[in-house]
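The values are calculated or read from the model by the stated rules, or taken from the named source; none is laboratory data. This structure is a prediction, so every number in the text was calculated from the model and none was measured. Counting neighbours? That spans all protein chains shown, and the Cβs are built from the backbone with ideal geometry, glycine included. Protein only, heavy atoms only, side chains kept; ligands, DNA and RNA dropped before computing areas. Shrake-Rupley method; radii C 1.70, N 1.55, O 1.52, S 1.80 Å.
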Amino acid sequence: NVLLTQPHSVSESPGKTVIITCTRSGGSIGDSYVQWYQQRPGSVPTCLIYENDERFYGVPDRFSGSIDKSSNSASLTISGLKTEDEAAYFCLAYFKGRVFFGGGTHLTVL
Amino acid sequence: EVQLVESGGGLVKPGGSLRLSCRGTDFSLSPFTMNWVRQPPGKALEWISSVGPSVGSDSGEIFYGDSVRGRSSISRDDGDNSVHLVLNNVTAEDTGLYFCVRRGRVTYYFNLWGRGTLVTVSS
């Protein structure tokens, strides 16, 4: 099985940059593409990043994704933080046909 | 409007069963792998199950998450443009908002989510 571990919460000020990590246990981070989803309070999740670093349609370039095989982790970087970025962020990976979500990271912008 | 609409949620007693349905509007579900994802209140997303498209190399392929394997069944009904999930022997841990989700055909991202149907397991 795959376990994707994310920090429970992060906080940063408007205009700054934040990095949210997603560390994979059970296989290599490179075994399958990583996706990232944003879920604002009271809303359904929306895709931000797919195939590790590809932005979904309409996602601003303030959002970027990457993987680091040395730490077996993926990262979501949000630059130029806005108050509207306050949300929960989930990483996702596939393994043998099944889907695994990270535990989610709540981003506070204050 | 292209959307997914879930139904079938409600109050279920522990040990009981539930049957959730998801209907697509203004598009056909048949070419897509369809998924169920749930979310307990205030908690993380959890993928439950998927069923492959009606045609293609992965036609009808079914997968289940560990937490529901052996007590759940996913199916699709192309005539009704719908997908269904049956979950048996429910416990309080099955409480949550259940989303029906469409997967992209090439890049595998989840590109369309329903609004969800709420399941509460309580005596």
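Which shape class applies to the stretch B:1-117: rounded if a/c is under 1.5, otherwise prolate when a/b exceeds b/c and oblate if not, where a ≥ b ≥ c are the square roots of the Cα gyration tensor eigenvalues?
Prolate shape, in that a/c is at least 1.5 and a/b is the bigger ratio.
Taking trypsin sites (Lys or Arg not before Pro) in DSSP loop conformation with at most 13 other Cβ atoms inside 10 Å as exposed sites, chain A has its longest uninterrupted site-free stretch at A:17-68.
For the stretch A:3-102, the solvent-accessible area of protein heavy atoms averages 46 Å² per residue (probe radius 1.4 Å; ligands and nucleic acids excluded).
The 1.4 Å probe gives accessible areas that order A:E54, B:E46, largest first, as A:E54, B:E46.
Straight Cα distances below 29 angstrom link A:K16 to the lysines A:K69, A:K82, B:K43, with same-chain residues fewer than 8 positions distant left out. Restricting the trypsin sites (Lys or Arg not before Pro) of the stretch B:71-106 to loop positions (DSSP other than H, G, I, E, B) with no more than 16 neighbouring Cβ atoms within 10 Å leaves B:R71, B:R105. Among the chymotrypsin sites (Phe, Trp or Tyr not before Pro) in the stretch A:1-83, those located in a DSSP loop and surrounded by at most 12 other Cβ atoms within 10 Å of their own Cβ are A:Y57.
Need the C-alpha centroid separation for the stretch B:17-78 versus the stretch A:65-110, integer Å. Computed from Cα coordinates, the inter-centre distance equals 23 Å.
Is the stretch B:24-68 rounded, prolate or oblate when judged by the Cα gyration tensor, a ≥ b ≥ c being the square roots of its eigenvalues, rounded requiring a/c under 1.5 and prolate requiring a/b larger than b/c? Since a/c reaches 1.5 but b/c is at least a/b, the shape of the stretch B:24-68 is classed as oblate.
Taking chain A, how much of its Cα-Cα pair set, in percent, is spaced more than 18 angstrom apart?
For chain A, the share of Cα pairs beyond 18 Å comes to 44 percent.
The protein assembly as shown has equivalent-ellipsoid semi-axes of 29, 20, 18 Å, by the square roots of 5 times the alpha carbon gyration tensor eigenvalues, sorted largest first.
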